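Have a look at the structure below, then the notes.
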Amino acid sequence: MTKIGIMSFAHMHAHSYAECLNRLPGVELVAIWDDDAKRGRKMAKEFGAPFVKDRDKFLARELDGVIITAENVKHRALVEAAAAAGLWILCEKPLATTVKDAKAMVKACKKAKIGLGTAFPCRYSLPLMTAKDMLDSGAYGEVYSVACTNHGQSPGGWFADEALSGGGATMDHTVHGVDLLRWMLGKEFTQVYCELGNQFHKETMKTDDLGSMNMEMEGGIQVSHIASWSRPQSFPTWGDVTMEFICENGVLNVDAFNQKVIVYNDKTKHAGWAAWGDNPDLGLILDFVSAVRDKRDPVISGIDGLRATEVTAAAYKSSKTKKAVKV
Amino acid sequence: MNVAIIGCGGMGRLHAEMAANCGLRVVACADAVRKAAMSAAAPYRAKAFENPMGAIKSKEVDIVVITTPTPTHEKYVLAAAKAGKHIFCEKPFGRSSLECKRSIAAAKKADVKLFVGHVVRYFHEFEAIKAQIESGAIGEAGWVKLYRGGIYPGNAKSWFRDYAQSGGVTFDCMIHDLDWVRYVFGEPKRIFCQALLRKTPTQLDYSQVTMRMKNDVIATIIGTWAHPSGFRVKVEACGSKGMVQFDSSDAPVSGEARKTASGPTMIVPMSPVAVSPYQREWEDFLGWVEGRSVPRVTAQDALRAVQMAEAALQSAEKRQPVKL
Ligand SMILES: NC(=O)c1ccc[n+]([C@@H]2O[C@H](COP(=O)([O-])OP(=O)(O)OC[C@H]3O[C@@H](n4cnc5c(N)ncnc54)[C@H](O)[C@@H]3O)[C@@H](O)[C@H]2O)c1
């Protein structure tokens, strides 16, 4: 039995990860720690695992690995503590809010000889995997340009508090697109231009809620990416991940979460989307659990988290200098 | 009033029809290719010219329509102004802002009306989007995205395939959206652009723009001449209280022929309207010529659109933003 703990339910993805752990055979969610004891107790009840209030006591339990789903800025301290305890780690994205933190985390895990993974579940989305297969088949030839979006509704709460999140929508929604392209094209980002701002939520928060980026990858591939919390409350779904690939032999489009039925419900007074596609989180958690068992790095490693953080940092720098900056 | 069409390709023929629909007489059709001039002239029993200058100077002509390749616009605008004719010039106004400035000066000196066909301002869906934004339906607008294009236009020998003449998708096609964003959100502050401008092994162009407006709105604009088929327009504007979306592929009528004359079949969406946007821009132009109204788009606007497109291409070359 592989024993996994969850550190903090601040990030809503923790719910899905906990469900995945409970669904997978040979895995046990053995304990939950949270610096918000009320939330921790509630989640412990919901997912049937004990809540441990003291962090050191939690880390001293019989554990093989932990999933860290705390507020962005807390990732580093928790990763370092878990690494020191010799535990395998899956850390929510973004791995860190600064390049310095991300590098320190990768280093700490290397030193402790434990595996560090970054939670980029989109790599396990079947529509996106299919698109990668189509590109890899060579049928589309060389990729010249890509236009991506990762839109969402405003998550509010700590996400909109820079002291805890490190930034707004650009911090939250740049890394998925970046990681997907690094994975699909096998190339690194070299340059970033970004216009960002608080475009929609001036009354309720201070952070940016949209970043419009123009980036370059090795070989001169031209990429635009929109990271946003632009979807209104009345939007039929949470948001999207879309990509249009302009290739030598054709055009490829992916709308990763466009497996849905449209629901018209008089109670909500607006149309909604009910998703029926496979949950990509399951693949992510399955790989993490196998990595823990096999004592290897998760497929999506800390280095992948670091690379994505480097691009986000470049985006924020570009928005300040109003210049395209090197990654 | 009598109209001369200079350049009898796709747009020349369309504008002849619009002018006729407005009750004007098409009396002259000129094209460097004689056959093109003759076939365009036939339905109107107009006179065909191989030399546009002959048509422009013709006494009976009141309005000159310039629908030749973009780099030749200025030459014919100057000639028409000199001949004292009112002018309907297709967009892009000119191949450079300098050409546009000279054209504006010539029209002013000759005291003729000079109109540039930024037809997107007259499209029903774009009017509806603008009306929603202005009604406050989406609250305060903060970001707009526009997407336009499809297959690379023109045949292998077409002027569209010479970037020096057409300026590619950014200068020829995205200019519609650059103009519309400025029309709705005011003056731009800076622009960043990435453009493919490929010649080999296949000619294709794809352009991605991020633009910051003076009022802080951010615009993301994509233009494509990189698709294997079709033509599509998408618009999305998001604000503090909602968003408005349009997608031309979601149309009331769509046909797909089992066999087409030119290669593979494709779905052709159609959105019929009683009065076409091209007709509406003609009515607006004529209202101005006849002294009844001022047009929705001015030559100055068209110059600004050219300046924005120029800045975009400059940015694409420098790989840095360009101030406007
Ligand atoms: N507003 C719109 O929706 C729209 C759409 C397409 C094109 N356009 C613009 O309209 C203009 C014409 O485009 P088109 O699609 O009709 O092109 P086209 O290639 O179909 O037609 C151009 C015509 O001009 C003729 N010609 C070329 N050089 C000439 C010269 N020096 N003197 C006289 N005739 C000459 C050609 O023989 C051809 O018949 C361009 O500026 C283009 O950007 C606007």
Average projection area in nm² (convex hull over Cα atoms of chain B, one quarter of hull surface) | 17.0
Residues whose built amide H sits under 5 Å from the amide H of A:Ser301, excluding neighbours closer than 5 in sequence, are A:Thr118
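With the cut-off at 1.5 for a/c, could you classify segment A:1-135 from its C-alpha gyration tensor as rounded, prolate or oblate?
Because a/c hits 1.5 or more and a/b fails to exceed b/c, segment A:1-135 counts as oblate.
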Cα-centre dipole for chain B with unit charges at Cβ (Lys and Arg positive, Asp and Glu negative), debye to 20 = 820
Using alpha-carbon positions, the gyration tensor of the protein assembly as shown gives root eigenvalues a ≥ b ≥ c; with a/c under 1.5 called rounded, otherwise prolate if a/b exceeds b/c, else oblate, the class is prolate
With a ≥ b ≥ c from the Cα gyration tensor eigenvalues, square-rooted, and the rule rounded for a/c under 1.5, otherwise prolate when a/b > b/c and oblate otherwise, segment B:189-267 is oblate
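Which of the GluC sites (Glu not before Pro) found in segment A:227-327 are loop residues per DSSP with 11 or fewer other Cβ atoms within 10 Å of their Cβ? Write out the running numbers ahead of the final one.
On the way: sites: A:Glu244, A:Glu248, A:Glu310; in loops: A:Glu248.
Filter output for segment A:227-327: empty list.
Hand me the trypsin sites (Lys or Arg not before Pro) from segment B:128-228 located in a DSSP loop with no more than 15 other Cβ atoms within 10 Å, in residue order please.
On the way: sites: B:Lys130, B:Lys145, B:Arg148, B:Lys157, B:Arg161, B:Arg182, B:Lys189, B:Arg190, B:Arg198, B:Lys199, B:Arg212, B:Lys214; in loops: B:Lys157, B:Lys199, B:Lys214.
Hits after loop and neighbour filter: B:Lys157, B:Lys199, B:Lys214.
Hey, any idea what % of segment B:121-323's accessible area is carbon plus sulfur with a 1.4 Å probe?
Working: 4600 of 8810 Å².
Using a 1.4 Å probe with all protein chains present, segment B:121-323 comes out at 52 percent carbon and sulfur.
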Across segment A:220-225, in residue order, what do the Karplus-derived ³J(HN,Hα) couplings come to in whole Hz, using 6.51 cos²θ - 1.76 cosθ + 1.60 with θ = phi - 60° and x for Gly and Pro?
-> x, 5, 9, 10, 10, 9
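Would you work out the relative contact order for chain A, in percent, from Cα pairs under 8 angstrom that are 6 or more residues apart?
On the way: 709 pairs, mean separation 66.9, N = 327.
Relative contact order for chain A comes out at 20 percent.
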Build a GNM of chain B with springs between Cα atoms under 10 Å: which of B:Glu17, B:Glu256, B:Glu127 gets the top mean-square fluctuation?
-> B:Glu256
Around B:Asp162 (Cβ within 15 Å, Cβ-to-Cβ, excluding B:Asp162; K/R +1, D/E -1) the net charge comes to +3
Taking a cut-off of 20 Å between Cα atoms, list the lysines near A:Lys132, but don't count ones fewer than 8 places away on the same chain.
-> A:Lys187
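Which FRET efficiency value, to the nearest 0.05, do you get for A:Asn258 and B:Asp162 by plugging their Cβ-Cβ distance into 1/(1 + (r/R0)^6) with R0 = 51 Å? Please list the in-between numbers first.
Working: r = 39 Å, r/R0 = 0.76.
FRET efficiency, A:Asn258 to B:Asp162: 0.85.
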Could you list which residues have their amide H under 5 Å from that of A:Thr2, counting only those 5 or more apart in sequence or on another chain, with H placed in the peptide plane?
-> A:Val27, A:Glu28
Evaluate the charge dipole of the protein assembly as shown about its Cα centre and quote only its size in Debye, nearest 20, assuming +1 on the Cβ of each Lys and Arg and -1 on the Cβ of each Asp and Glu.
-> 1420
Among A:Ile221, A:Ile32, A:Ile67, whose mean-square fluctuation peaks in a Gaussian network model of chain A (Cα, cutoff 10 Å)?
-> A:Ile221
Mind checking the log10 I(q)/I(0) for segment B:2-117 at q = 0.11, 0.15, 0.21, 0.23 Å⁻¹? Debye, one equal scatterer per Cα, no solvent, two decimals.
-> -0.29, -0.54, -1.07, -1.27
To the nearest 10 degrees, how steeply does helix B:277-289 sit against the main Cα axis of chain B, on a 0 to 90 scale?
-> 60
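Let me know the volume per residue of the alpha-carbon convex hull for chain A, in Å³. Could you put the intermediate results ahead of the total?
Working: hull volume 46.0 nm³, N = 327.
In chain A, the Cα convex hull volume per residue is 141 Å³.
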To the nearest 10 degrees, the tilt of helix A:302-321 (Cα long axis) against the first principal axis of the alpha carbons of chain A is 50
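If you keep only loop residues by DSSP, which trypsin sites (Lys or Arg not before Pro) in segment B:1-92 have at most 13 other Cβ atoms within 10 Å of their Cβ?
Details: sites: B:Arg13, B:Arg25, B:Arg34, B:Lys35, B:Arg45, B:Lys47, B:Lys57, B:Lys59, B:Lys75, B:Lys82, B:Lys85; in loops: B:Arg45, B:Lys59, B:Lys85.
Of the trypsin sites (Lys or Arg not before Pro), the ones in loops of segment B:1-92 whose Cβ has at most 13 other Cβ atoms within 10 Å are B:Arg45, B:Lys59.
Rounded to the nearest 100 Å², what's the accessible area chains B and A bury against each other, both chains counted, probe 1.4 Å?
Numbers: alone 15440 and 14780 Å², together 27120 Å².
Approximately 3100 Å² gets buried when B meets A.
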For chain B, find the longest principal axis of its Cα atoms and tell me its angle to the long axis of helix B:97-110, 0 to 90°, nearest 10.
-> 40
Taking only C-alpha pairs under 8 Å that are 6+ residues apart, what is the relative contact order of segment A:4-84 in percent?
-> 37
Within the set A:His225, A:His75, A:His270, GNM on chain A using Cα springs under 10 Å gives the largest fluctuation to A:His270
Scoring only Lys, Arg, Asp and Glu (+1, +1, -1, -1) among other residues with Cβ under 11 Å from the Cβ of A:Met43 yields +2
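Counting only helical runs of four or more DSSP H residues, what would the 222 nm mean residue ellipticity of chain A come to if each run contributes -39,500 (n - 2.57) and the total is spread over all its residues? Intermediate values should be presented prior to the final figure.
Details: 11 runs with 116 residues, N = 327.
About -10500 deg cm²/dmol.
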Summed side-chain charge close to B:Leu196 - residues other than B:Leu196 whose Cβ falls under 12 Å, Lys, Arg +1, Asp, Glu -1 | -1
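Where nothing but the Cβ of Lys and Arg (+1) and of Asp and Glu (-1) is charged, how large is the charge dipole of segment B:171-324 around its Cα centre, in debye to the nearest 20? Before the final figure, lay out the partial values.
On the way: 19 positive and 17 negative charges, 104 e Å.
Computed about the Cα centre, the dipole is about 500 debye.
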Which is farthest toward the positive dipole end of the protein assembly as shown among B:Leu78, A:Ser8, A:Ile300, measuring Cα position about the Cα centre, with Cβ charges +1 (Lys, Arg) and -1 (Asp, Glu)?
-> B:Leu78
Given the C-alpha centroids of segment B:270-288 and segment A:105-146, what is the distance between them in whole angstrom?
-> 50
For B:Ser293, enumerate residues with amide H under 5 Å from its amide H, sequence gap 5+ or separate chain, H modeled in the peptide plane.
-> B:Trp288
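The values are calculated or read from the model by the stated rules, or taken from the named source; none is laboratory data. These numbers come from a predicted model, not from an experiment. Every residue, glycine as well, gets a Cβ built from its backbone with ideal geometry; the counts of neighbours run over all protein chains shown. The area values use the complete protein model at the heavy-atom level, side chains included, leaving out ligands, DNA and RNA. Shrake-Rupley method; radii C 1.70, N 1.55, O 1.52, S 1.80 Å.
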